[in-house]
1. Restricting attention to segment 7-66, report how many residues are small (G, A, S), in contact (Cβ under 8 Å) with a residue 40 or more places away in the chain and in contact with a strand residue (DSSP E or B) (Cβ under 7 Å, 6 or more places away or on another chain).
2. Collect the residues in segment 187-204 that are modelled with pLDDT under 90 and assigned to a helix (DSSP H, G or I), keeping them in residue-number order.
3. Yes or no: segment 133-150 includes at least one residue that is under 17 Å from V233 (Cβ atoms), acidic (D, E) and open to solvent by 30 Å² or more (accessible area, probe 1.4 Å).
4. With the requirement that a residue be open to solvent by less than 80 Å² (accessible area, probe 1.4 Å), among the polar types (S, T, N, Q) and within 20 Å of L287 (Cα to Cα), what does segment 320-366 give you?
5. Taking the condition at pLDDT 90 or above, touching a His at 6+ places or on another chain (Cβ under 9 Å) and more than 15 Å from L262 (Cα to Cα), does H315 pass?
6. Given the criteria surrounded by 15 or more Cβ atoms within 10 Å (Cβ to Cβ) and of a type in the set (G, A, S), does A201 qualify?
7. Can you name the residue in segment 401-421 that is over 20 Å from P271 (Cα atoms) and open to solvent by less than 60 Å² (accessible area, probe 1.4 Å) and is also farthest from the chain's Cα centre (by Cα) among such residues?
8. For A212, indicate whether it is among the small types (G, A, S), under 23 Å from the mean Cα position of the chain (by Cα) and surrounded by fewer than 20 Cβ atoms within 10 Å (Cβ to Cβ).
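The values are calculated or read from the model by the stated rules, or taken from the named source; none is laboratory data. These numbers were taken from a predicted model, which means no experiment stands behind them. So basically every Cβ, Gly included, is an ideal-geometry build from the backbone, and we count neighbours across all protein chains shown. Keep in mind that these areas ignore ligands, DNA and RNA; they rest on the heavy atoms of the full protein, side chains included. Shrake-Rupley method; radii C 1.70, N 1.55, O 1.52, S 1.80 Å.
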Amino acid sequence: MQTKNIRSANGSPITLFRDGSSEVKLYSTPREKNGVEYPGFSVAYYEGGVRTQKFFSKQDEAKTHAKNTLVRLVNGLTAAQDMRPVEIEESAMAREEFKSVGVGLLEGAKEYRRVHELLGGKGTVLEAVQYFLKSGVATLPKAKVLDVCRELVAAKKTDGLSQRHQDDLRLRCERFAEDFDVQITEVTTAQIEAWLRGIGAKPRNRNNYARAITTLFNFAKRSGYLPIDCASVAEHLTRAKNVAGATEIFTTEEISTGLDRLFRFKPEYIPFLALAAFSGVRTAELLRLTWGDIDLNGKIIEVAAEKSKTSLRRHIPIQPNLLKWLEPFSQRKGLVCPTAKIQRYVRRWLSKEIKNSDGTVEAGIPWHDNGLRHSYGSYRLPIVKSAAEIALEMGNSPAMIFRHYRELVKPAEAQKYWAIMPPAEYAKKMAVALAKLKAGEGKDEAE
């Protein structure tokens, strides 16, 4: 903007404001009233071929209006009749401020309004930007939720996490990633909690999802995709209240009948049922055990750290009745369980109705999920009377043992449970049965 003092044809002073081809003139136009002369000023300019002139009593106001009008003419703005001179000036200045960073006035105003709404009065835009820069988010590498999920599973595989846990973590995180196809930095706590409540999972399953998502976001922090010195959005997720139902266990008669049925029809499945019922080892752990882990002479079962759910090595004592059930298998090698689906097959054999050759019918035994492990804890506690000792055997906490198994079984019934022994002809008949199996006879139709 150029300013120049000139004179009119009659010699009156004029201040000329010019920018390119646009110009505005400020005249000195004193007025006389009742014989008294008063100072006066006018601003004149052409807009759309029409000359416009506005009068002021003060020179400063006239000069400000002249400058604002010139800026407006240069920028192609239409005059706003309801705007005060100061508002016009502020508008022009705002346009120049946004122009310096390559943003239009309207675009900048909209973005500021959106940021202000998101803050909700919790801070200023400047404070939000300063926090953003301090957190380091601006310099973090970009990564989508699914990409971080895949990196997490690959890392856990390298770390030696069991295949079962790898699969569980992968399935849960991938399901989450399907609904969050965004950068991991864009996900909020409110969005995660709304998602957890909306998947329709039962409390325990929902909490398992929450744990998997927390693991995912903690991994993202350690991998540099989220600020390392700030709590992640998944760090304090609300957990669903899980009201535990009654602990279901097998009766002494059901375990005895089940072992007898396997002895008659599927003797190779006896180790699974006997170990699960009389040692309390978890099914997933039992599938990893070999006969080398079972020391019948030392009467101890070793669950190595790499085979344990808790990744902690523990020893389980072999009870006298369990020893008798396992003795025919003392020469076996390799995995204890002949198939990874053994629990399904044992459940099928125990629960189905069997018709004998004499026409009699044996009713099936009802199956209880986790019932074999629960049975061990329930029947063992009245004998040992130490939750801490049983916790070491089962790989649990004493509080968990006490909460689930206390006073479920009376001592007299527990004595009967640990007295479940194989029949007198068991060792001899098992030797014959196992020899046939070794020769390739007796294949299960389910297999």
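1. Residues flagged as small (G, A, S), in contact (Cβ under 8 Å) with a residue 40 or more places away in the chain and in contact with a strand residue (DSSP E or B) (Cβ under 7 Å, 6 or more places away or on another chain) within segment 7-66 amount to 1.
2. Result: P203, R204.
3. no
4. Correct list: S330, T339, Q343.
5. Considered against the rule, which asks whether it is at pLDDT 90 or above, touching a His at 6+ places or on another chain (Cβ under 9 Å) and more than 15 Å from L262 (Cα to Cα), H315 comes out as no.
6. Taking the combined requirement at face value, the residue satisfies it.
7. The residue in question is E413.
8. no
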